Structure formats: C-alpha cells, structure tokens
C-alpha cells in the first residue's frame, strides 16, 4: 500500500523531484564569490534593537553605531508629507547561518539550483552586508500594492524620500541600477557609513566597506569627509552629496524576492 501511494504522488502532474543543491564554489583569488565581497558576523554585543514599530516582522537589530542616525532618519521621515510612519524595516541584521537559508530559498522553490544566478539578487552566506549589522532592507506599510523587496519601492513616497535624503543620515544605496557588481538593482537595500568620518563608528564602517565603495560605488552615496590632517581640501563638516539619479523604467518588472 505504501509503495502504491508513493507511486501516485510521484506521477501527479506538476509534482517533480527537487533538484539537488549545487555546492558553492571556492571564492576567487581576491576573496569574492559571484562578485560579492566577504563579510563576517558582527559580535552580538554590538547589536541593538531598532526603534519600536520600525520592524515589519521579527525584531530588527542593527549595529549600535548606526542606531542614532537611523532614529534621526525615521523622525525626519515621519515629519515628511506623504511618508509619515510608512517607512519600515523588512530585514536588518542577518547572521551567516540565517543568510544560508535566505540564499537557498525562493518562492515556489526549495533549493538553489543555480547559485550563480541566485547571487544576482541575494548574497551567498558569508558575503552579505546584513551580517555586519549596518545594512537594512526598507519597505513600506501599508504596502498599497507594492510587495516587500520589489522594484516598486523606488516609486513609493517613502522610497523617493529615502533616495533624496538617505545620505543626510549616513545611509547609501549599496546596489544602484546597472551596478558594476552585477547584482540586481535593489532600491530597498541601504548600508550605513555615517555622515562624516569623525562620527563615532563611521570610520570602522567605511573601512569595512572600503573595497565595496571603491569597486562598486553606491548611488546615492554618503560623501567621505576628509580628516583634519587633510585640511588642504576644506569641506564643511557633515556635508552630504545627494545624487538625484534617473530611475530606470521598471514598469511591469518585479524583483526576485528574497
């Protein structure tokens, strides 16, 4: 009887055996994997909860150095007409172990059949900015027809406000449209580097993301402010360059959701 039931299940239309998970290859000589740079887990003691009500689902934890700027950003967003408290967190800190389950999970699929293709939209475990505690995937509530981690976020009032003002609070867009890294455009994924290098924790964050910022520039980006020893190039403290980039036409296009 068991064999009969099993045979019926296998022969049912639309039911197919799951393809085996392809093992991840070794990173390249420069340490990258599918173009992604390596990032280790932040120490648990350096994580703090984000402001209450910010997280959509599980508790959002972030690097303590980014907490003050995030709080200021949310206050400013709340005072902005059309935005209010709609700007929320879809995902914040994700450890390497958690990232493995995220990387190997897609809607309607149970395995990563093609890791190289998956890496265009999700970083492999050990190569995600989320593990640093500095990265946040933003979303909106109510969604008003725009699902989480979707290109449509860029056209929402909250997404447009973030593009215009995120760098003023030390956040920059890690994966802009047509980025050289070859990662899908992610208007929801922002990393914190501080508004100026002298800000507590900003030097550490900028050092951590130095290769990423040099090889694959953020857009819009928080501008580096030179230290006192480089006074030959004077610049007002805390100055931020806000880049108003033309958004690509993504009508009818959906991101591959995490």
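The values are calculated or read from the model by the stated rules, or taken from the named source; none is laboratory data. These numbers come from a predicted model, not from an experiment. Because the Cβ atoms are built from the backbone with ideal geometry, glycine has one as well, and the counts that use them run over all protein chains shown.
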Output the residues belonging to segment 74-128 that are in contact with a helix residue (DSSP H, G or I) (Cβ under 8 Å, 6 or more places away or on another chain), at pLDDT 95 or above, part of a helix (DSSP H, G or I) and buried (at least 17 other Cβ atoms within 10 Å of the Cβ).
-> 77
Among the residues listed as 144, 223, 180, the single one being more than 17 Å from residue 133 (Cβ to Cβ) and either crowded, with 17+ Cβ neighbours inside 10 Å or in contact (Cβ under 8 Å) with a residue 60 or more places away in the chain (or both) = 223
Count of segment 42-88 residues which are within 15 Å of the chain's Cα centre (by Cα) and under 13 Å from residue 133 (Cβ atoms) = 6
The condition from (1) modelled with pLDDT of 50 or more; (2) in contact with a helix residue (DSSP H, G or I) (Cβ under 6 Å, 6 or more places away or on another chain) that residue 242 misses is numbered (1)
Which one of these is out of contact with any strand residue (DSSP E or B) (no Cβ under 6 Å at 6 or more places or on another chain), closer than 21 Å to residue 206 by Cβ and assigned to a loop (DSSP other than H, G, I, E, B): 38, 23?
-> 38
Within segment 52-73, of all residues that are free of Cβ contacts under 8 Å to residues at least 60 places away in the same chain and outside any helix (DSSP H, G or I), the one surrounded by the most Cβ atoms within 10 Å (Cβ to Cβ) is 54
